[in-house]
Amino acid sequence: MLSSEADVIHEPIGTSSAHFRKDCPAPRAVALEPGSHLVTPRRGYTHHGIYVGGGKVIQYGGLARGLRCAPIEEVSLEQFAGNHPVWLRRDGSMRFDANEIVQRARARLGENRYHVLTNNCEHFCEWCLRAEHRSEQVDKWRSFAGRLVRSAITFFGITAVTFPTGQQKTI
């Protein structure tokens, strides 16, 4: 559960999942600093946000409201967590100081260009922290999909594809 104190995370003790390697489970009472990168697990993915102080997190709402995309918004820590544990992501390679991270996050409030593969909550946080547009989750899924396709090609012995024009190309 999250504390009633706005800037403190109580519990949860983390997971041993390899997906959380860079993420530190929040110990019993961690004071959150503005500019902190927060992560919370969901079914099949992790949700990311930037803590901005006062018990508030800026997140890309994405598909949080079903099929209708939600914009980048400022929400309570409890709303961000959505009854899930919250971790601090610490990897020490931030390009900006805490004030700049918060300013960058606030500058994009209201943006509504969510795309799960190219502009999601992790892309947003990486941009705020490092001015990089990347998502490790998407990279892992793309890598997995590529391996799956290569395995299928190997398994089925597909070596050439015939196109409607009659041309044949070897893969």
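We did not get these values from a lab; they are worked out from the coordinates using the rules stated. Here the structure is a predicted model, which means the values were calculated and not measured. As a convention, Cβ positions derive from the backbone with ideal geometry for all residues, glycine included, and neighbour counts pool all protein chains shown.
Tally Lys/Arg at +1 and Asp/Glu at -1 over every other residue whose Cβ is under 12 Å from the Cβ of Leu109; what's the total? Walk me through the numbers on the way to the answer.
On the way: positive: Lys56, Arg104, Arg106, Arg108; negative: Glu73, Glu74, Glu111.
Once positives and negatives cancel, what remains is +1.
Here the label points at Ser93 and Glu78, each 7 Å from Cα along the C-beta direction, are separated by 3.7 nm in the simple model.
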